[in-house]
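Peer 1: Questions regarding the structure given below will be posed in turn.
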Amino acid sequence: MNKTNTEKQTIELFEKVYGSKPEVFARAPGRLEILGNHTDYNEGVVLSAAVNQSTEVALKSVKGKKCRLFSSHQKGDKPVEFNLDEIDKAVKGDWTNYVKGVICEIRKRGKDIGAFDAVVTSTVPLSAGMSSSAALEVSSCYAFSKAFGIEFSSPDWARIGQGSENNYIGIKSGLLDQFSSIFGKKDSLIYCDFRTVEVIRNVKLHAGYVLVVANSMVKHDLVDSDYNVRRQSCEKAVAAIKKKHPKVKALRDVSLELLEKEKGLMDRIDYLRALHIVGENTRVVQGVKALDDGDVVAFGKLLYESHESSRKNFENSCPELDYLVELSKSIPGCIGARLSGGGFGGISIHLVEDKQAEKYCDRIRSAFKLRTGKDTETIICGIGEGATVKKV
Ligand code: GLA
């Protein structure tokens, strides 16, 4: 993997592949979901952060209909080519789908782009739960906006990236990934509301603590996972409650008391899924308060509670993630851990005293190897700034 993508390297790669200079350079970070699991499409709240790892796009507009797209991750040294008139359908497993989906979403909104040559480099771990796909969508959006003079509001750019996933790729994901990639703030968590689609405010993580990412090494490929099924369960729970309580529009409107009172109206599985979402919304509010109060230990406890609810109620964990979270309790320096993102594999996040972080990662890696026979990847994650674009 190209671990150090920088503007200079991405632009040099463009020059090497196409023999000319790019016109625009865009970068969009991956994200971490800190607290608030699967709450976004339930119109709930989330604490998230953009990371330092990002996807970069260098692009130049060209005449005609033929686009060329080269990724530093791809095999071979020839760019992928496609015609702008022939991108109606996704080709299974093709990484360019994310970009083509973005073009289709821009067109749906009454605007269009011309042909282009582009290169993509990325340091966001692929298919791990750090939203490499959203980083690709948002960096493409921003590159197109600058190169072709297309204007949308920032939330609409996030919706365009989400539309690529929902309508082109076929995963009914929420807005969290693209939103965090756009609105992320350096060294801050962002407290997001997915009913009003806004950042309520930035929230500082306690000084002296860092976020460690440990990968379960179970590929999380949400298209093939139960993600869409979980979403359906949430919708079914809302539909059941709505019959008696017409004001309820989403699980955001359901309190624990109301859910417990009306659980007889729904399937047991749908109740358990809803219980996770209702609990997560509450934990996010409690988490923000704990951080405001400087009570980092209380915040860490909420991370553990979130994971337990994923494991028991939402059933979007897996043995490797459970092991990483259990392991965290026996290593000095960690005060909370949970799975992060869609789940069913992917990453766990750990809140660790910064002085202990290196040693902590070593211990996670050796214990994980002993237990599973696999090498895990650990990252001490810096919190980065949201997406940017400029003319080169
Ligand atoms: C994935 C989706 C997001 C969100 C998370 C779970 O990352 O893309 O929209 O639902 O899972 O919180």
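The values are calculated or read from the model by the stated rules, or taken from the named source; none is laboratory data. Just so we're clear, the structure is a prediction, and the values are computed from it rather than from any experiment. FYI the Cβ positions are ideal-geometry reconstructions off the backbone, even for glycines, and counts take in every protein chain you see. With ligands, DNA and RNA removed, areas are computed over all heavy atoms of the protein, side chains included. Shrake-Rupley method; radii C 1.70, N 1.55, O 1.52, S 1.80 Å.
Peer 1: How much FRET efficiency would the formula 1/(1 + (r/R0)^6) give for residue 86 and residue 243, where r is the Cβ-Cβ distance and R0 is 56 Å, rounded to 0.05?
Peer 2: Details: r = 46 Å, r/R0 = 0.82.
Rounded to the nearest 0.05, the efficiency is 0.75.
Peer 1: Further question: Would any residue of region 299-319 have its amide N under 18 Å from a label point 7 Å out along Cα→Cβ of residue 268? List them or say none.
Peer 2: From region 299-319, the list is 311-316.
Peer 1: Taking the highest mean first, how do the peptides 257-267, 314-324 order by number of other beta carbon atoms within 10 angstrom per residue? Spell out each step's value before the answer.
Peer 2: Values: 257-267: 15.1, 314-324: 21.3.
Going from most to least packed, we get 314-324, 257-267.
Peer 1: Now for a different question. Taking the DSSP beta bridges in the chain as the whole, what percent of them are antiparallel, to the nearest 5? Walk me through the intermediate numbers first.
Peer 2: Details: 52 of 56 bridges.
Of the beta bridges lying entirely in the chain, close to 95 percent run antiparallel.
Peer 1: Working from the pairwise distances between different alpha carbons, so that the mean of 1/r is found and then inverted, what is region 173-302's Kirkwood radius in Å? If you can, show how the numbers build up before the last one.
Peer 2: On the way: mean 1/r = 0.0591 Å⁻¹.
Mean inverse Cα-Cα distance, inverted, gives 16.9 Å.
Peer 1: Now a separate question. Looking at the chain as a GNM with Cα springs under 10 Å, which of 330, 122, 310 has the largest mean-square fluctuation?
Peer 2: Comparing 330, 122, 310 in the GNM, the peak value goes to 330.
Peer 1: While we're here: Report the Stokes-Einstein translational diffusion coefficient (µm² s⁻¹, integer) for region 3-202, Rh taken as the Kirkwood radius over Cα pairs, at 25 °C with viscosity 0.890 mPa s.
Peer 2: Details: Rh = 16.8 Å.
Diffusion coefficient, whole number: 146 µm²/s.
Peer 1: Show me the GluC sites (Glu not before Pro) within region 81-124 that DSSP assigns to loop and that have at most 16 other Cβ atoms within 10 Å of their Cβ. Display every interim value, and only then the final one.
Peer 2: Values: sites: 81, 86, 105; in loops: 86.
Answer by residue number: 86.
Peer 1: Obtain the nm distance between the two label points defined at residue 282 and residue 390 by a simple spin-label model: each point lies 7 Å from its Cα along the Cα-to-C-beta direction.
Peer 2: 4.8 nm
Peer 1: Something else about it: Please list, by residue number, every one of the trypsin sites (Lys or Arg not before Pro) in region 76-119 that is coil in DSSP and has at most 12 other beta-carbon atoms within 10 Å. Kindly include the intermediate steps, with their values, before the conclusion.
Peer 2: On the way: sites: 89, 92, 100, 107, 108, 109, 111; in loops: 89, 92, 109, 111.
Those that pass, being in a loop and sparsely packed, are 89, 92.
Peer 1: May I ask you to work out the translational diffusion coefficient for region 274-392 at 20 °C, viscosity 1.002 mPa s, via Stokes-Einstein with Rh from the Kirkwood sum over Cα pairs, reported in whole µm²/s?
Peer 2: Details: Rh = 15.5 Å.
Estimated via Stokes-Einstein, D reaches 138 µm²/s.
Peer 1: OK, next. Taking only protein heavy atoms into account and a 1.4 Å probe, give the accessible area per residue of region 1-129 in Å².
Peer 2: Working: 5420 Å² over 129 residues.
Ligands and nucleic acids excluded, the result is 42 Å² per residue.
Peer 1: Can you give the FRET efficiency for residue 126 and residue 260, using 1/(1 + (r/R0)^6), R0 = 30 Å, r = Cβ-Cβ distance, to the nearest 0.05? Provide the component values of the computation, followed by the final result.
Peer 2: Details: r = 41 Å, r/R0 = 1.36.
With a Förster radius of 30 Å, E is 0.15.
Peer 1: Let's test this: bin the Cα-Cα distances of the chain at 10 Å from zero up to the farthest pair and state each bin's percent.
Peer 2: Spelled out per bin, shortest first, that is 5, 24, 32, 24, 12, 3, 0.
Peer 1: Something else now. Quote to one decimal, in nm, the extra length available between residue 377 and residue 78 on full extension: 0.36 nm per residue of separation minus the C-alpha distance between them. The partial results should precede the final answer.
Peer 2: Values: separation 299, 0.36 × 299 = 107.64 nm, distance 2.98 nm.
So the extension gain works out to 104.7 nm.
Peer 1: Per Stokes-Einstein, at 20 °C and 1.002 mPa s, what whole-number D in µm² s⁻¹ belongs to region 211-280, with the Kirkwood radius over Cα pairs as the hydrodynamic radius?
Peer 2: Details: Rh = 13.3 Å.
In µm²/s, the coefficient is 161.
Peer 1: Which cross-chain or sequence-distant (5 or more) residues have an amide H under 5 Å from the amide H of residue 341, H modelled 1.01 Å from N in plane?
Peer 2: It is 33, by chain and number.
Peer 1: Taking the highest mean first, how do the peptides 227-238, 346-357 order by number of other beta carbon atoms within 10 angstrom per residue?
Peer 2: Values: 227-238: 19.2, 346-357: 23.0.
Answer by packing, highest mean first, reads 346-357, 227-238.
Peer 1: Still on this structure, I have one more. Suppose every K and R has +1 on its Cβ and every D and E has -1 on its Cβ; what is the size of the dipole of region 3-202 about the Cα centre, in Debye to the nearest 20? Let's see the in-between values first.
Peer 2: On the way: 27 positive and 25 negative charges, 74 e Å.
Magnitude of the dipole: close to 360 debye.
Peer 1: Still on this structure, please answer the following. Dipole of region 202-289 (Lys/Arg Cβ +1, Asp/Glu Cβ -1, origin at the Cα centre): which of 209, 245, 227 lies farthest to the positive side?
Peer 2: The residue sitting farthest along the positive end of the dipole is 245.
Peer 1: Could you list the chymotrypsin sites (Phe, Trp or Tyr not before Pro) in region 136-226 that lie in coil according to DSSP, counting only those with at most 16 other Cβ atoms within 10 Å of their Cβ? Intermediate values should be presented prior to the final figure.
Peer 2: Numbers: sites: 142, 144, 148, 152, 157, 168, 179, 183, 191, 194, 209; in loops: 152, 194.
Answer by residue number: 152.
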